[in-house]
């Protein structure tokens with residue numbers, strides 16, 4: 001067969017992918033030599049349909065937010081109904097029912113064991129990173145309003161809180177993905193990463209953190225942590241008892257405690273919010289990702305009346321933040337419907353079921369060559385390898401097995417939608433096992 005005949009039989013490149021490669025800048029990727037991407041044309045349930053006709057089980061919940069999967073009829077209807085009224089209106093000087101209804105749902109959702117709301121105020125933001133920025137601004141203005149001299153934040157090694165400048169300043173400054181920005185960011189204070197595992201002994205860690213806070217209390221205004229599960233900093237699980245230690249230290253030295261529940265909130269760890277593993281409550285809480293069930297970008301910062309009073313006690317008497325798309329009605333309507341789904345649904349049983357299937361499915365990896373650790377918490381399954389993952393090669397293996405995951409660093413992990421069937425969870429685990437084999441070669 002001639003070369004020209006072979007060329008004629010070769011499929012034409014997808015013009016959309018050609019344009020994408022030439023002009024679109026994807027997250028954590030090069031614009032000059034970008035990695036491969038796959039074009040999605042539709043999604044339903046827990047599955048993505050590619051332009052070439054293949055279906056993939058989405059084991060990532062679209063970066064942890066599509067907890068009900070795709071095209072959920074309740075969320076679809078909430079979006080359609082709101083579109084018939086208005087898709088957006090500014091929030092400065094105006095308000096609307098979707099924002100009011102969602103705020104009421106959120107305040108009711110985050111309650112103590114006796115059913116009392118923990119928070120009094122809600123500030124809507126555009127994304128998780130922006131929610132963290134708002135929380136840090138709240139802390140700074142609270143410090144000014146209450147006469148504190150300190151403005152620094154205590155965070156944990158291994159932390160990840162977002163990609164904007166303030167959020168990056170409280171990410172791990174040594175091993176985190178933002179270390180190259182070190183000279184640009186505010187200099188914060190960092191405590192050691194807690195010991196691994198829900199039941200680990202934290203005595204030594206407690207002594208270390210207590211000493212750091214005691215020594216630097218006058219410099220500090222707040223403590224920020226991802227409760228129980230550190231996400232993009234390493235998918236690291238630590239004892240809930242650490243949250244009690246941090247709450248006690250915050251109270252002792254009159255510091256604010258901020259919980260970043262953006263990745264952990266809305267059931268991911270097996271509790272509605274990860275803070276409930278310890279029944280410890282912060283002064284400020286950031287939520288996002290799964291807030292709209294993965295439909296639209298929206299986040300929220302919840303705070304107590306004490307925080308709001310402190311913020312508004314300082315000049316100019318207002319919180320200095322105001323996003324253009326703050327409290328977008330379309331996003332708020334879908335988010336409120338999402339919370340009603342969670343309240344009425346079987347998310348807890350589903351997360352528990354997924355956790356059990358992941359434990360069974362990933363058990364073989366514990367003794368596999370090239371594996372450093374395997375950990376499962378709620379609907380989170382993680383295999384930590386002993387070397388960096390070749391992301392393109394591993395992704396190819398996963399896609400061949402009909403599964404979409406997004407490995408990073410030395411981690412191959414899954415955070416699937418809660419609606420995944422046992423067969424789908426088992427398929428994800430089997431694909432991870434095959435990917436581990438490729439990584440170990």
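The values are calculated or read from the model by the stated rules, or taken from the named source; none is laboratory data. What you see is a predicted model, and the numbers here were worked out from it, not measured in a lab. For neighbour counting, all protein chains shown are included, and Cβ atoms are generated from backbone atoms with ideal geometry for every residue, glycine included.
Any idea which residue in the stretch 257-270 is farthest from the chain's Cα centre (by Cα), counting only those that are assigned to a loop (DSSP other than H, G, I, E, B) and in contact (Cβ under 8 Å) with a residue 40 or more places away in the chain?
Step one: list which residues in the stretch 257-270 are assigned to a loop (DSSP other than H, G, I, E, B), which gives 261-270.
Right, trim to in contact (Cβ under 8 Å) with a residue 40 or more places away in the chain and you get 262-263, 266-270.
Details: 262: 4, 263: 2, 266: 11, 267: 12, 268: 10, 269: 11, 270: 15 Å.
Looking at the filtered set, the residue picked out is 270.
For residues that are out of contact with any strand residue (DSSP E or B) (no Cβ under 7 Å at 6 or more places or on another chain) and buried (at least 16 other Cβ atoms within 10 Å of the Cβ), scanning just the stretch 218-233, find the one that is farthest from residue 28 (Cα to Cα).
If we filter the stretch 218-233 for residues that are out of contact with any strand residue (DSSP E or B) (no Cβ under 7 Å at 6 or more places or on another chain), which is where we start, we get 218, 231-233.
Pick out the ones that are also buried (at least 16 other Cβ atoms within 10 Å of the Cβ) and you get 231-233.
Working: 231: 16, 232: 13, 233: 14 Å.
Only one residue fits best here, namely 231.
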When the stretch 123-164 is examined, which residues are found to be under 23 Å from residue 101 (Cβ atoms) and surrounded by fewer than 21 Cβ atoms within 10 Å (Cβ to Cβ)?
126, 127
Go through the stretch 67-115 and report how many residues are touching a strand residue (DSSP E or B) at 6+ places or on another chain (Cβ under 9 Å), in a loop (DSSP other than H, G, I, E, B), farther than 16 Å from residue 339 by Cβ and in contact (Cβ under 8 Å) with a residue 60 or more places away in the chain.
2
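If you go through the stretch 398-421 one residue at a time, do you hit one that is farther than 20 Å from residue 236 by Cβ and modelled with pLDDT under 95?
Let us first name the residues in the stretch 398-421 that are farther than 20 Å from residue 236 by Cβ, namely 398-404, 417-421.
Next cut, modelled with pLDDT under 95 only: none.
No, that holds for no residue.
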Considering (1) over 19 Å from residue 307 (Cβ atoms); (2) without any contact (Cβ under 8 Å) to a residue 24 or more places away in the chain, say which one residue 147 fails and leave the rest.
(1)
Residues that are touching a strand residue (DSSP E or B) at 6+ places or on another chain (Cβ under 7 Å), more than 18 Å from residue 38 (Cβ to Cβ) and in the same structural domain as residue 65 (by TED's automatic domain parsing): does the stretch 391-407 have at least one?
no
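Specify the residue that is nearest to residue 186 (Cα to Cα); the eligible residues are those in the stretch 208-233 that are part of a helix (DSSP H, G or I) and touching a helix residue (DSSP H, G or I) at 6+ places or on another chain (Cβ under 8 Å). Walk me through it before giving the result.
Taking the stretch 208-233 and keeping what is part of a helix (DSSP H, G or I), we get 208-219.
In the following step, the residues that additionally are touching a helix residue (DSSP H, G or I) at 6+ places or on another chain (Cβ under 8 Å) were identified as 209-210, 213.
Working: 209: 21, 210: 23, 213: 18 Å.
So, considering only residues that are part of a helix (DSSP H, G or I) and touching a helix residue (DSSP H, G or I) at 6+ places or on another chain (Cβ under 8 Å), the one nearest to residue 186 (Cα to Cα) is 213.
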Let me spell it out: the conditions are (1) in the same structural domain as residue 86 (by TED's automatic domain parsing); (2) surrounded by fewer than 21 Cβ atoms within 10 Å (Cβ to Cβ); (3) within 22 Å of the chain's Cα centre (by Cα), and residue 355 meets all of them except one. Which number is the exception?
(1)
Look at the stretch 276-294 and say how many of its residues are assigned to a loop (DSSP other than H, G, I, E, B), out of contact with any strand residue (DSSP E or B) (no Cβ under 6 Å at 6 or more places or on another chain) and surrounded by 24 or more Cβ atoms within 10 Å (Cβ to Cβ).
2
Among the candidates 271, 315, which residue alone is surrounded by fewer than 24 Cβ atoms within 10 Å (Cβ to Cβ) and closer than 24 Å to residue 244 by Cα?
271
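Here is a yes/no grid of residues against (1) more than 30 Å from residue 343 (Cβ to Cβ); (2) modelled with pLDDT under 95; (3) outside any loop (DSSP other than H, G, I, E, B):
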{"position": "4", "(1), (2), (3)": "yes, yes, yes"}
{"position": "16", "(1), (2), (3)": "yes, no, yes"}
{"position": "22", "(1), (2), (3)": "yes, no, yes"}
{"position": "42", "(1), (2), (3)": "no, no, yes"}
Mind checking which residues of the stretch 96-120 are over 21 Å from residue 86 (Cβ atoms) and surrounded by fewer than 18 Cβ atoms within 10 Å (Cβ to Cβ)?
107, 108, 111, 112, 113, 114, 115, 116, 117, 120
Picking from 111, 127, the residue that is modelled with pLDDT under 95, over 21 Å from residue 311 (Cα atoms) and in the same structural domain as residue 264 (by TED's automatic domain parsing) would be 111
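Could we say that residue 392 is within 14 Å of residue 437 (Cα to Cα) and either free of Cβ contacts under 8 Å to residues at least 24 places away in the same chain or surrounded by fewer than 17 Cβ atoms within 10 Å (Cβ to Cβ) (or both) here? Quick ask: steps written out before the conclusion?
Numbers: within 14 Å of residue 437 (Cα to Cα): no; either free of Cβ contacts under 8 Å to residues at least 24 places away in the same chain or surrounded by fewer than 17 Cβ atoms within 10 Å (Cβ to Cβ) (or both): yes.
Answer is no for this residue.
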